[in-house]
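This report refers to the structure that appears directly beneath it.
The values are calculated or read from the model by the stated rules, or taken from the named source; none is laboratory data. Just so we're clear, the structure is a prediction, and the values are computed from it rather than from any experiment. With ideal geometry, Cβ positions are generated from the backbone for all residues, glycine too; neighbour counts draw on all protein chains shown.
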Amino acid sequence: MKTPTFSFHLMSVLGLAGLLAACEASGPMPAATTTAQLADATTATCGAQGWASQNGGTTGGGTATPTVVATYAQLKAALENSSVKVVQVNGTITIPSGGRISLQDQTGKTLFGSAGARLVSADQSQNNSGILYVKRCRNILLRNLVFEGPGAYDTDGWDNCTLDASTNVWVDHCEFRDGVDGNFDIKNASDYITVSWTKFAYLKAPRAGGSGGSDDHRFSNLIGSSDGATGDRGKLRITFARCWWAPGCVARMPRVRFGKVHVVNSLFNSPASKSGVQAGFEADIRIQANVFESVTNPIDLMDQKSTAVQEISNLFTSVSGAKVGNGKTAFTPPYTVSVLAASSVKSAVTASNGAGATVGGNVCTNSGI
């Protein structure tokens, strides 16, 4: 299969009209859908780039007619129904206590938000927290959604979203904030994942006194669950491109075990940070052309048990602590990458159509992921 070009150009330069013409095709909508909703539900047909372009590629539910949901019951039913291939979220949907939704054993599905769509959880308990749990799925696309938790509280609770044993997943233009245990974790031999134009943040103060012992568990992204999870060897191939670890994040941006993880053209600017990219057991990390601004320990080698941590052409401004690799050469991506100079990354990532739920629907472009 021909590997798609991983092309990085500023979205703002190309112009939204041209992007829509090049990368979208309209699909029919249910009769009850309003004209405003119709614009949001335009079906994007571009495939993922980065690691999610491999192993057959990632397109989600493709051009299937969206099922529009506006309540928790509708969302749960649509996600759990394997016959529904594209789900569009309108407005704010509150996940009730214990109502975390499991998307399991499905192939080829898209979940996306209309402009301003949010999935919100207010529960901080161990068992009843969390928003979405994706397990044993393949070819999944999440786009233009805000996942909002109640704030960090170390009870060994649930993340806003967890990928478990899933392959070919593309998370694009989403925002994960204020997760209980973390914002977005990937584990259990998940593989061929791309996270693009996505923002991670903590806006709410952490709650102290949790049973886990940490009084400030604003830990964003865990890749691999433990050093003993040896089934992760050869898996956890993940691209983080044009992402933004924003103020409030303390650590795990991301923390990696085992995986071949490419962190490229992303912005780290959380003054609360204690660690940025964390290289754990047998991690192989390529840290390329990112911006680290006002953070502590941008590159944390932890206990020096990683396989390779390579720092390539990053920009460090007003940082303190560790910012070098371990002297080993990281993996070479099998996909073609055209990388922005680090000096252009911040403006691209923080632009009005940059990282976060900023595209107003299922809008797909190849202008840099």
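For the range 55-72, which residues satisfy the criterion of being surrounded by fewer than 22 Cβ atoms within 10 Å (Cβ to Cβ) and assigned to a loop (DSSP other than H, G, I, E, B)?
ASN55, GLY56, GLY57, THR59, GLY62, THR63, ALA64, THR65, ALA70, THR71, listed by residue number.
When the range 178-189 is examined, which residues are found to be more than 15 Å from the chain's Cα centre (by Cα) and either under 23 Å from GLN49 (Cβ atoms) or of a type in the set (Phe, Trp, Tyr) (or both)?
Passing the criteria: only ALA189.
Return a yes/no flag: does the range 5-28 have any residue that is within 15 Å of TRP170 (Cα to Cα) and either of a type in the set (Val, Ile, Thr) or modelled with pLDDT of 90 or more (or both).
For the range 5-28, residues within 15 Å of TRP170 (Cα to Cα) and either of a type in the set (Val, Ile, Thr) or modelled with pLDDT of 90 or more (or both): absent.
Return the pair list, or none, for Cβ contacts closer than 8 Å from residues in the range 199-211 that are on the phi > 0 side of the Ramachandran plot to residues that are crowded, with 17+ Cβ neighbours inside 10 Å and aromatic (Phe, Trp, Tyr), at least 6 apart or on different chains.
Within 8 Å, no pair qualifies.
Quick one: count up the residues across the range 216-246 that are assigned to a loop (DSSP other than H, G, I, E, B) and of a type in the set (A, V, I, L, M).
Of the residues in the range 216-246, 3 are assigned to a loop (DSSP other than H, G, I, E, B) and of a type in the set (A, V, I, L, M).
Would you confirm whether or not the range 254-268 contains a residue that is within 24 Å of SER166 (Cβ to Cβ), in a loop (DSSP other than H, G, I, E, B) and within 14 Å of the chain's Cα centre (by Cα)?
Within the range 254-268 (the criterion being within 24 Å of SER166 (Cβ to Cβ), in a loop (DSSP other than H, G, I, E, B) and within 14 Å of the chain's Cα centre (by Cα)), the answer is yes, since at least one residue qualifies.
Only residues that are among the hydroxyl-bearing types (Ser, Thr, Tyr), surrounded by fewer than 24 Cβ atoms within 10 Å (Cβ to Cβ) and touching a Cys at 6+ places or on another chain (Cβ under 8 Å): list them for the range 125-166, please.
TYR133
Evaluate the following for VAL261: is it farther than 25 Å from GLY47 by Cα, aliphatic (A, V, I, L, M) and buried (at least 24 other Cβ atoms within 10 Å of the Cβ)?
no
Which number in (1) more than 21 Å from ALA241 (Cβ to Cβ); (2) out of contact with any Gly (no Cβ under 6 Å at 6 or more places or on another chain) marks the one condition that ASN297 misses?
(2)
Restricting the range 124-177 to residues that are charged (D, E, K, R) and in a loop (DSSP other than H, G, I, E, B), which is nearest to the chain's Cα centre (by Cα)?
Among those that are charged (D, E, K, R) and in a loop (DSSP other than H, G, I, E, B), it is ASP159.
Table: residues versus (1) in contact with a Lys or Arg (Cβ under 8 Å, 6 or more places away or on another chain); (2) surrounded by fewer than 18 Cβ atoms within 10 Å (Cβ to Cβ); (3) at pLDDT 95 or above; (4) not in a loop (DSSP other than H, G, I, E, B).
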| position | (1), (2), (3), (4) |
| --- | --- |
| PRO271 | no, yes, yes, no |
| SER275 | yes, no, yes, no |
| PHE292 | yes, no, yes, yes |
| GLN304 | no, yes, yes, no |
| VAL324 | no, yes, yes, no |
| LYS328 | no, yes, yes, no |
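Please go through the range 191-228 and give me each residue that is over 17 Å from VAL264 (Cα atoms), surrounded by 20 or more Cβ atoms within 10 Å (Cβ to Cβ) and of a type in the set (A, V, I, L, M, F, W, C), ordered by number.
Correct list: ALA201, PHE219, LEU222.
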